[in-house]
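Before any comments, here is the structure.
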Amino acid sequence: MKFAWKKASGRTGVKIDVRSTAPAKAQLFQARAVKPGAPQNNPMKSYPKFIAALIAACCFTVAAFAAETAPAAPAASPSGDWKWTQQGGNQSMEMTAHLEYKDGKLTGAVIGMQGPQGQIPDVAIADASFKDGVVSFTVTREFNGNKRTSKYEGKLEGDTIKGSRERPGRDGGAPQKSDWVATRKK
């Protein structure tokens, strides 16, 4: 294969001619000089465009991966003061609980009040959990030497918890279940 560099007379550019013993192959590698006035492909003008397009593609790729791998928004927290009305004997009582959810642990207390049989003290909640938007806990109170445990469980939806309360039946009877709807105090 022979290379011959020739300056093209009267033309702008260089003619490169590849000569070989195989004329068909040589025609594949033959380059021609650019004619005057013909549009030229200037690599210096397209390089900044290429870099800008490459940077934009990288930014879009990073943004797409960040959106896919971003952690899901955490469920609303049950922290706060919650009020509900509860039937007790022949009367209804306004109940309040203070709940705190921190580091994956639910704690709190049902706030004491004046009941028909005297002052009812604050009681800490037990067996508390908050998982998949469901709040659950138990409250154990003692009346006249008898311990009674009520179980609360409900789905948190914004500033409302809707669920049920289960308490022991009278004189060892079957547990009684009732609706429980608590709203967050603002």
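Laboratory data are not the source of any read-out in this text; all were calculated from the coordinates shown. The structure displayed is predicted, hence computed values, not measured ones. Cβ coordinates were reconstructed from backbone atoms using ideal geometry, including for glycine residues, and neighbour counts include every protein chain displayed.
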Inset, instruction - Would you mind computing, in nm to one decimal, how far apart the modelled labels at residue 85 and residue 186 are, each placed 7 Å from Cα along Cα→Cβ? - result: 2.0
Legend entry - the range 105-186: chymotrypsin sites (Phe, Trp or Tyr not before Pro) falling in loop per DSSP and having at most 11 other Cβ within 10 Å: none
Legend entry - Net +/- balance of residues flanking residue 80 in space, Cβ distance below 15 Å, scoring K and R +1, D and E -1: +1
Legend entry - Proximal charge balance of residue 177 [Cβ under 15 Å; K/R count +1, D/E count -1]: +3
